[in-house]
Amino acid sequence: MTEQHVCPKCNGQMERGGLRGDKMSKWGHIKESRIFGVDVVDIASPYYAVEAHRCKQCGFIELYATKQQDK
Ligand SMILES: [Zn+2]
């Protein structure tokens, strides 16, 4: 799969990459709950690995979450 991604902002070439960081690297449905009177927002499974495509020209980042993962 060598899909060419084109920047929606400037039509520049997008290069594939990823994001690092705990909650930034996966996608899940928002789950809001209240624990001991404190509102907690978390994400629930199934999780998807997030793939980030960055435009080489303007720096715009487009995110894709197409691959399901366990945790
Ligand atoms: Zn661009």
Q: Kindly provide the set of residues from region 48-68 that are loosely packed, with under 14 Cβ neighbours inside 10 Å and away from the ligand (no atom under 16 Å from the Cβ), ordered by number.
A: THR66, LYS67, GLN68
Q: Search region 11-47 for residues being outside any strand (DSSP E or B) and surrounded by 13 or more Cβ atoms within 10 Å (Cβ to Cβ), and hand back the single one that is nearest to the ligand (Cβ to nearest atom).
A: GLY12
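Throughout, read-outs are computed from the coordinates displayed, never taken from laboratory work. Since we're looking at a predicted model, the values are computed, not measured. Backbone-built Cβ (ideal geometry, glycine too); neighbour counts: all protein chains shown.
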